[in-house]
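J.: I am attaching a structure below and will ask some questions about it afterwards.
What follows is calculated from the coordinates using simple rules that are stated; it is not laboratory data. What you are looking at is a predicted structure, and each value in this text was computed from that prediction instead of being measured.
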């Protein structure tokens, strides 16, 4: 006995209409292809921030930038200052060149970070 002899399909053709009925407010975005995960990630960040845009405007929060400082580029973070030499050597090995430092050479707190402890000192503790 063959499967087609005992399996009945309720209908033939596309189920697109039934799926469209079952999904609430579903959109396709032709300009956002599924082959670029970085672009999808950035779109997700933009979607997450879209709802609070008015409040961020009131709070003077900087505007969302289309691309980050990193973009789709490889980044290397190191506490050792000699890492620049290793990066240059590795790029040379691969027949490539060029790097751009986008931060300070040491790890620092942002200027708006409060560095004073919220716990008040007491006698016997400096």
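J.: By how many degrees, 0 to 90 and rounded to 10, does the Cα axis of helix 83-93 deviate from the longest principal axis of the chain?
T.: 50
J.: Once Rh for region 75-126 is found with the Kirkwood sum over Cα pairs, what is the Stokes-Einstein diffusion coefficient at 20 °C and 1.002 mPa s, in µm²/s?
T.: Estimated via Stokes-Einstein, D reaches 144 µm²/s.
J.: Any idea what angle helix 37-50 forms with the longest principal axis of the chain, computed on alpha-carbon atoms, 0 to 90 degrees, nearest 10?
T.: Helix 37-50 sits at roughly 80 degrees to that axis.
J.: Taking every pair of alpha-carbon atoms in the chain, what share in percent sits in each 5 Å bin, from 0 to the bin with the longest distance?
T.: The distribution over the chain is 2, 6, 8, 9, 10, 11, 10, 9, 8, 7, 6, 5, 4, 3, 1, 1, 1, 0, 0, given as percents.
J.: So what is the calculated 222 nm ellipticity per residue for the chain, using -39500 (n - 2.57) for each DSSP H run with n of 4 or more, over all residues, to the nearest 500 deg cm²/dmol?
T.: Calculated mean residue ellipticity at 222 nm is -9000 deg cm²/dmol.
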